[in-house]
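The values are calculated or read from the model by the stated rules, or taken from the named source; none is laboratory data. On a predicted model such as this, the values are computed, not experimentally measured, just so you know. Don't worry about glycine lacking a Cβ; one is built from the backbone with ideal geometry, like all the others, and counts go over all protein chains shown.
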Amino acid sequence: MSALCNHTRADYHHDGEICMYARDLSPGDKLSVLRGSAQAVVREADPAEEDGWMSVLLDVSGDGPTLISSHTVLSVRRPEPDPQPDITGDQDDGPLTTVTVDLTVTETVTYDFQSEIELPADVVDDENELHSYLDEREELWLDDLDPTGKNGALCITERTLDEARVAGDGGKS
């Protein structure tokens, strides 16, 4: 069933553009991707074995390359590196043992998402005023920030290991 795009949080859409549920996709349908800078064509769309999911094969080659700003934040999954050989019992480190380790990690995360907010009219036309206003009133938009990134985009820009120590008795095995 199609509907106007004001009832869901589509990846990207223009006012009045038709959105549809994934379950209603058909081969040949075109989807906006990369926040509208490119289109993907549905090659196959079939219900997956797990209830509530669709298996969708997309062709994003289009008519050639798509130009996007180098400042655009993209959600990327890099290919897994080739597995390294198992080096248990390395001569330099001695025999290996498995232990439980307490780790403290700090991540810097960037979220891109949309939130519908009632604002004073004089704030709407000035980006600096808008930023200051929302920075001081986090409660207006914080509930719309999904920590999983489901309602927008999430990008981990930095990760540091702050602390590491063997837990309790070490949980040796």
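Applying the set (1) modelled with pLDDT of 80 or more; (2) within 19 Å of S115 (Cα to Cα) to H14 leaves exactly one unmet item: (1).
Of all residues in the range 94-108, count the ones that are closer than 25 Å to I156 by Cα and touching an Asp or Glu at 6+ places or on another chain (Cβ under 8 Å).
Counting residues in the range 94-108 that are closer than 25 Å to I156 by Cα and touching an Asp or Glu at 6+ places or on another chain (Cβ under 8 Å) gives 7.
Return the residues of the range 116-170 that are in a loop (DSSP other than H, G, I, E, B) and either basic (K, R) or under 30 Å from L96 (Cβ atoms) (or both); say none if nothing qualifies. Those that are in a loop (DSSP other than H, G, I, E, B) and either basic (K, R) or under 30 Å from L96 (Cβ atoms) (or both): R137, K150, A167, G168, D169, G170.
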